[in-house]
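So the structure is just underneath, and the comments pick up after that.
The values are calculated or read from the model by the stated rules, or taken from the named source; none is laboratory data. Bear in mind that the values here come from a model prediction, so they are computed numbers and not experimental data. Every residue, glycine among them, receives a Cβ derived from its backbone with ideal geometry; neighbour counts consider all protein chains shown. Surface areas here come from the heavy atoms of the whole protein model, side chains and all, with no ligands, DNA or RNA. Shrake-Rupley method; radii C 1.70, N 1.55, O 1.52, S 1.80 Å.
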Amino acid sequence: MTSKAPPAKTQVPTAPPSSFTEVHIPRARSRRPRPGTKAYRVAVHGTQLTLLAALFGLIELAARTGHVSKFVLPAPSEIARKLPHVVASSQFGGDLRQSAIELGLACIIALPIGVIVGLALGRWSLAGRVLEPFLSTLYAVPLLVFYPILLVMMGLGWTPIVVISAAAAFVPVSMNTLTGAKTLSPTFRKLARSLNCNRRQTYLKILLPAMVPLLVPGIQIGLIVALVYTIAMEFLVAVQGLGFRISYSYTLFQMVATWAGIVIVVIISIVLSTAITATGRRVRQDLD
Amino acid sequence: MATDQIPEAQTSLGVSLHGIGMVFEAGGKRTEAIRSVSATMPPGRFVTVIGPSGCGKSTLLDLVFGLQMPTTGYVTIDGEPVTGPRRDMSMVFQEDSTLHWRTVQDNVAFGLEVAGVRKSERRRRAEAMIKLVGLSGFEDYRPRQLSGGMKQRVAIARSLVMEPRILLMDEPFGALDQQTRWRLGGELTRIWEETRNSVLFVTHDIHEAIRLSDVVWVMSERPSVLKTEMIVDLPRPRTDEVLSDPRFTQYAAQLWELLLPEIDTTSEAVSR
Ligand SMILES: Nc1ncnc2c1ncn2[C@@H]1O[C@H](COP(=O)(O)OP(=O)(O)O)[C@@H](O)[C@H]1O
Ligand SMILES: [Mg+2]
């Protein structure tokens, strides 16, 4: 074996006897798709869909075999059958409109005020230094705890919902705007002064567009926070709205209707946040 | 003197510095940036400020422009005291100051837009200026698609399009590699020899100072004073051949000699 024809393995070039060891890496062996290719995307989304289907299948099975009580979780197929009825019901349009109005009002109030306060705090650095800790603390406070007080002040209805949602959305918007204002290159301000820009031109034509990369994520978070608070507050104080409908169905022990409401809210949230993210990306691409 | 033969542009303005000094007080720290500088910049001349880093060159430009006010002394332009940025002055910054969300065309026209110039005229003037700085064909590009040198061309065009009577330039080529820097310097010379406005140009590059200027102001280290005013007597139009002029080498040696004692102690003098 030693003196005769060399064994096959010596055909493989061996590492030279130096410290620079050549490592033989097998290439293109893996049949796993590479990131960025179409096959990769298909694999990712396919797996995600399979996981979802498996989850629903399991729940369906558990519900049908009675492993999970009907009063906790009805079978998904039953919820799916109920959905069209809920959507077609006379209340649904009113609920959707109510929630949309509350969310819209909260955003219309919170976004401009958040941006303006952020800019003002960035402009007057002393005020910024004083108030920034308050803002960032407010971030961590579940503003929902103030609802009894607002309820006493404003009564049952949409006002306390809008107030709390707007306050909650205001925090990330103003904080991100402040961060943007502080991290902005001083050259932009110098340029504005050197070209004799008035205040309006300075903000609208230079500072705000320059801050877009930080403004957009703040607004995205603000919108999503407003959505969360609107639905949550509707559970507590509303007489109409998507959140109210869920809690109302639940108090009547209509579990299928409750779940149908939950599914609708989940779908609307997903659609909204996807739209917000996509719009944000487009705006940033246009302005960056 | 050859500098006397330079035709004085009627529209350019002369700048006088009357014993200006600048002390910064920030966070309990006192920095005397400029002790006292008195000098006169004749109209239609290219004046360069050279000095060790941190000696107050940028501050000096800010004071001339009126972006800041001196703590002592004052600046006059054609006899009028400076109180703030004037419309007939324009500044080019060292850092990239292009607006990254605007095209080259809209960047160059920006000052005109702010000043309320009509769109058609904006377009015409910006296009002419884009051509002058050699950016034709890039009108619709965004700054992120341009090199550092091209971005500075945009910034220069944005200043020139305002037809300033005084142009202030704070190390506009400071962030560029040497070849790009030299080439842009050549183009600036060519453009300036056409426009003949007054230019106050800051650099720390000795060769750049000589190739561009009629006069070089040499600053000392901080707290700075104007150490020497050196007149650069080299023929115009100044092409790249200026490099082989024996006087160029002499001026460079002279400037080195003036600056060397300033450079090695700069780091010692901080504040008091
Ligand atoms: N706004 C300011 N506050 C405090 N110190 C400053 C300020 N601007 C400049 N300085 C100080 O003044 C000195 C001169 O700065 P600068 O004019 O930028 O120098 P140069 O442009 O020559 O490098 C430096 O020591 C700098 O730290
Ligand atoms: Mg400087």
TODO: Give the residue that is surrounded by the fewest Cβ atoms within 10 Å (Cβ to Cβ), with candidates limited to residues of segment B:69-81 that are within 16 Å of ligand 1 (Cβ to nearest atom) and of a type in the set (A, V, I, L, M).
DONE: B:Met69
Open item on the list: Please verify whether B:Leu200 is in contact (Cβ under 8 Å) with a residue 12 or more places away in the chain and more than 16 Å from ligand 1 (Cβ to nearest atom), treating the condition exactly as stated.
Closed with: no
- [ ] Only residues in segment B:168-196 that are at positive phi count as the first member; pair them with residues that are more than 16 Å from ligand 2 (Cβ to nearest atom), Cβ under 8 angstrom, at least 6 apart or cross-chain, and list the lot.
- [x] B:Arg196/B:Ile6; B:Arg196/B:Pro7; B:Arg196/B:Glu8; B:Arg196/B:Ala9; B:Arg196/B:Ser12; B:Arg196/B:Gly44
Open item on the list: Name the residue that is surrounded by the most Cβ atoms within 10 Å (Cβ to Cβ), counting only residues in segment B:135-147 that are in contact with an Asp or Glu (Cβ under 8 Å, 6 or more places away or on another chain) and within 14 Å of chain A (Cβ to nearest Cβ).
Closed with: B:Pro143
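Show me the helices (runs of 4 or more DSSP H) found entirely inside segment B:56-134 where at least 3 residues are more than 12 Å from every other protein chain (Cβ to nearest Cβ).
Details: elements: B:57-65, B:104-108, B:110-114, B:119-132.
Those helices (runs of 4 or more DSSP H) span B:57-65, B:104-108, B:119-132.
Could you list, in sequence order, all residues of segment B:167-195 that are away from ligand 1 (no atom under 16 Å from the Cβ) and within 12 Å of chain A (Cβ to nearest Cβ)?
The initial filter retains those residues of segment B:167-195 that are away from ligand 1 (no atom under 16 Å from the Cβ), namely B:167, B:176-195.
B:Leu167 - this is the single residue of segment B:167-195 that is away from ligand 1 (no atom under 16 Å from the Cβ) and within 12 Å of chain A (Cβ to nearest Cβ).
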Task: Residue among A:Thr279, A:Thr274, A:Thr230 that is hydroxyl-bearing (Ser, Thr, Tyr), in a helix (DSSP H, G or I) and surrounded by 15 or more Cβ atoms within 10 Å (Cβ to Cβ) - done: A:Thr230
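Would you point out which residue out of B:Ala128, B:Ala115, B:Ala157 is away from ligand 1 (no atom under 16 Å from the Cβ) and over 22 Å from B:Leu61 (Cβ atoms)?
Working: B:Ala115 fails: over 22 Å from B:Leu61 (Cβ atoms); B:Ala157 fails: over 22 Å from B:Leu61 (Cβ atoms).
The conditions single out B:Ala128.
Kindly provide the set of residues from segment A:172-196 that are open to solvent by less than 20 Å² (accessible area, probe 1.4 Å) and at the interface with another protein chain (Cβ under 8 Å from one of its Cβ atoms), ordered by number.
Filtering segment A:172-196 for residues open to solvent by less than 20 Å² (accessible area, probe 1.4 Å) gives A:172-174, A:177-178, A:180-181, A:187, A:191-192, A:194-195.
Listed by number, the residues that qualify are A:Thr187, A:Leu191, A:Ser194, A:Leu195.
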Open item on the list: Based on this model, can you work out whether A:Leu151 counts as more than 14 Å from chain B (Cβ to nearest Cβ), in contact with a helix residue (DSSP H, G or I) (Cβ under 9 Å, 6 or more places away or on another chain) and in contact (Cβ under 8 Å) with a residue 40 or more places away in the chain?
Closed with: yes
Open item on the list: Looking at B:Gly28, B:Gly66, B:Gly84, can you tell me which residue is away from ligand 1 (no atom under 16 Å from the Cβ), surrounded by fewer than 23 Cβ atoms within 10 Å (Cβ to Cβ) and small (Gly, Ala, Ser)?
Closed with: B:Gly84
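Anything in segment B:111-123 that is free of Cβ contacts under 8 Å to residues at least 24 places away in the same chain and surrounded by 13 or more Cβ atoms within 10 Å (Cβ to Cβ)? List them, or say none. Before you say what the answer is, go through the steps one by one.
If we filter segment B:111-123 for residues that are free of Cβ contacts under 8 Å to residues at least 24 places away in the same chain, which is where we start, we get B:113-114, B:116-123.
Result: B:Glu113, B:Val114, B:Val117, B:Arg122, B:Arg123.
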TODO: Report yes if B:Glu208 is more than 23 Å from B:Asp88 (Cα to Cα) and touching a residue at least 24 places away in the same chain (Cβ under 8 Å), otherwise no.
DONE: yes
